[in-house]
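Every number in this text was worked out from the coordinates using simple rules, so none of it is lab data. Keep in mind that this is a model prediction, so the values were computed, not measured. Backbone-built Cβ (ideal geometry, glycine too); neighbour counts: all protein chains shown.
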Amino acid sequence: MRTLLSFLLLSTACSAAPSAAFWVALHRVESGGRLGRVSWGEHRGPLQISRAYWEDSGVGGSWSDCDDLEKAKLVVEGFMKRYVPKAWAEGDVQTLARVHKGGPRGHKKEETLAYGRRVEAIAYEHNKQTASALWGKAGVQ
């Protein structure tokens, strides 16, 4: 069972493009999982996106669209594909989180390391809980 669970966790963590766990973790870290118009200073929405981030993403509409979680995800996707396309394609949670926090070169900044680890840990736990639930439903012990 442990071997199977480990394999599932690793394969989920290594899948192409960010997994659902990345989005859950980013959302939880940025706004505590809140939805709608969540604003702190110069950031808005459940993923806490700045106006400059939104503009750099190349996604149309308006900055206020970032109040919607699904639209905010499109902004993050556009930003990541522009600045770290390889990390996006590989689903590299740590790099994506650090760029989200620190901008286009965020993955190279020491001050984003703890943030990246926090998002990565939450994503890992989400994957672990999801895998346990799936195995439980399948009757695997």
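Modelled this way, with points 7 Å down the Cα-to-C-beta line, the labels at residue 117 and residue 74 are 3.6 nm from one another.
Among 54, 88, 23, 40, which comes first, second and so on when ranked by fewest other beta-carbon atoms within 10 Å?
40, 23, 88, 54
Per-residue extension of 0.36 nm, minus the Cα-Cα distance of residue 89 and residue 50, leaves a gain of 11.7 nm for this segment.
Total lysine pairs in segment 21-128 at Cα distances under 20 Å, for residues eight or more apart or on different chains: 12.
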